[in-house]
1. Identify, from the list L145, L152, L98, L127, the residue that is farther than 28 Å from S70 by Cβ, surrounded by 16 or more Cβ atoms within 10 Å (Cβ to Cβ), within 16 Å of the ligand (Cβ to nearest atom) and not acidic (D, E).
2. Quickly run through region 5-58 and pick out the residues that are open to solvent by less than 10 Å² (accessible area, probe 1.4 Å), part of a strand (DSSP E or B) and within 14 Å of the ligand (Cβ to nearest atom).
3. Being more than 17 Å from the chain's Cα centre (by Cα) and over 18 Å from T78 (Cβ atoms) is the filter here; which residues of region 135-159 pass it?
4. Looking at (1) modelled with pLDDT of 95 or more; (2) of a type in the set (V, I, T); (3) surrounded by fewer than 17 Cβ atoms within 10 Å (Cβ to Cβ), which is the only condition V159 fails?
5. For region 70-79, give me the residue count where each residue is more than 14 Å from the ligand (Cβ to nearest atom) and touching a helix residue (DSSP H, G or I) at 6+ places or on another chain (Cβ under 9 Å).
6. Suppose we filter A108, A104, A77 for residues that are within 14 Å of the chain's Cα centre (by Cα), among the aliphatic types (A, V, I, L, M) and open to solvent by less than 30 Å² (accessible area, probe 1.4 Å); which single one remains?
7. How many residues are surrounded by 13 or more Cβ atoms within 10 Å (Cβ to Cβ) and either among the aromatic types (F, W, Y) or within 14 Å of R100 (Cβ to Cβ) (or both) if we restrict to region 64-74?
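The values are calculated or read from the model by the stated rules, or taken from the named source; none is laboratory data. Not measured: the values here are computed from a predicted model. Note that we place each Cβ from the backbone using ideal geometry, even for glycine, and neighbour counts take in every protein chain shown. When the accessible area is computed, the model is the full protein with side chains, heavy atoms only, and any ligands, DNA or RNA have been set aside. Shrake-Rupley method; radii C 1.70, N 1.55, O 1.52, S 1.80 Å.
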Amino acid sequence: MAVTEEDLAHLRRCVELAREGLDEGDEPFGSLLVDGSGTVRFEDRNRVKDGDETRHPELEIARWSAYHLSAGERAAATVYTSGEHCPMCAAAHAWMGLGRVVYAVSSAQLTAWRAEWGLPAGPVLPLPIQEVAPGVPVDGPAPELEEEMRELHRRKAGV
Ligand SMILES: [Zn+2]
């Protein structure tokens, strides 16, 4: 499945959440969950600035889904995210049996930007979601949002 106009609208909200995270001193990542009827049920952004480096929005979504959705609702849900899930979040997504993922920019894109800016590699391999969770349908990136996301990450990098 390609990234549709409806997908793009949800991804734009993820970019807004990423920008809010950056403006608040966190990292520029935002995500939301849409249920099978197309309703946004939960959204969050990165919240690592106080020291818990696992506070990624995709992990919060997986945890939220455990308490608020049935297994069938989880499978029918789509998770939108400004940046592709890291392996921790991809694993949580798969363990919870959540459905499709749509991301604006890939981990490979982010990794290439960081290298270009002279930043060190992160502590976790930037594996594609499907190497961690092969059963999850994944779509992305969305070239329409690449420049905006690159700029948010560039601001965070301070370069
Ligand atoms: Zn993550």
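1. Details: L145 fails: within 16 Å of the ligand (Cβ to nearest atom); L152 fails: within 16 Å of the ligand (Cβ to nearest atom); L98 fails: farther than 28 Å from S70 by Cβ.
After ruling out the rest, the residue left standing is L127.
2. G30, S31, listed by residue number.
3. R154, R155, A157, G158, V159
4. (1)
5. Count: 4.
6. A104
7. 4
Here's the yes/no breakdown for (1) over 16 Å from E20 (Cβ atoms); (2) free of Cβ contacts under 8 Å to residues at least 60 places away in the same chain:
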position: K49; (1), (2): no, yes
position: E53; (1), (2): yes, yes
position: E60; (1), (2): no, yes
position: W64; (1), (2): yes, yes
position: S70; (1), (2): yes, yes
position: A77; (1), (2): yes, yes
position: G83; (1), (2): no, no
position: P87; (1), (2): yes, yes
position: H93; (1), (2): yes, yes
